[in-house]
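This report concerns only the one structure given below.
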Amino acid sequence: MNPVSGAVALGTLLAAATLPVVVWVVAGGNAARLRSFCLYTQRSLGCPDTYCREGHMAQREEMLALIRTAYAARGKGDIEGLVAAFHPEGHFTLMGDKSALELTGRMEGHPTLRAAFTQFTDTFGFESREILAELVDGDRVAVHSRVLVRYNPSGKTFSTEILDLFRFQDGKIVELIEFADTAQIKAVIS
């Protein structure tokens, strides 16, 4: 079977698949053939450009760059820069027990996000952030960080780990769910 008819046969098989399929070319191929196969299957399956290897890598890097920009804005206390990373209908949810930390819950839309982020920044400064892991899957990103936090009213600092789950739409953050140790935070502010 020649490479083109093999790609057509594999593309037909993939078109019948009901789940996403990842194809690894192990041997006998080259970059041009892989790109041709990718474009062929992309067209035959009706996949968006982001699923082609090159497009997916570009989208991945754009999402991670926006997250890093948002983290930098948060670290500097730049509320407008932080809000600008969010889709106009975006929402942020700080998971946790409201009795442990009143700031927990869901905030939606730029005006609400601006008010919430102002309150967070006034109360807690982020002195530094170390990204421990980043996972990207389509329009979703998970980031595990270690953050040095300053509780502004007392000046006390503490280290904690945070897990952020992002979803993107139109090149912006449309959803951010953050998991933090609210019991640790409550102990620091008590």
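For the range 173-187, a residue qualifies if it is farther than 15 Å from MET95 by Cα and surrounded by fewer than 16 Cβ atoms within 10 Å (Cβ to Cβ), and exactly one does: ALA187. Of all residues in the range 70-87, those that are free of Cβ contacts under 8 Å to residues at least 40 places away in the same chain, in contact with a helix residue (DSSP H, G or I) (Cβ under 6 Å, 6 or more places away or on another chain) and open to solvent by 20 Å² or more (accessible area, probe 1.4 Å) total 1.
ALA70 falls short on exactly one of the conditions (1) aliphatic (A, V, I, L, M); (2) at pLDDT below 50; (3) within 30 Å of ILE189 (Cβ to Cβ), and that condition is (2).
The values are calculated or read from the model by the stated rules, or taken from the named source; none is laboratory data. Just so you know, these numbers come straight off a predicted model, no measurement behind them. Ideal geometry is used to build each Cβ from the backbone, glycine not excepted, and the neighbour counts take in all protein chains shown. We work out accessible area using only protein heavy atoms, side chains counted, and drop any ligands, DNA or RNA first. Shrake-Rupley method; radii C 1.70, N 1.55, O 1.52, S 1.80 Å.
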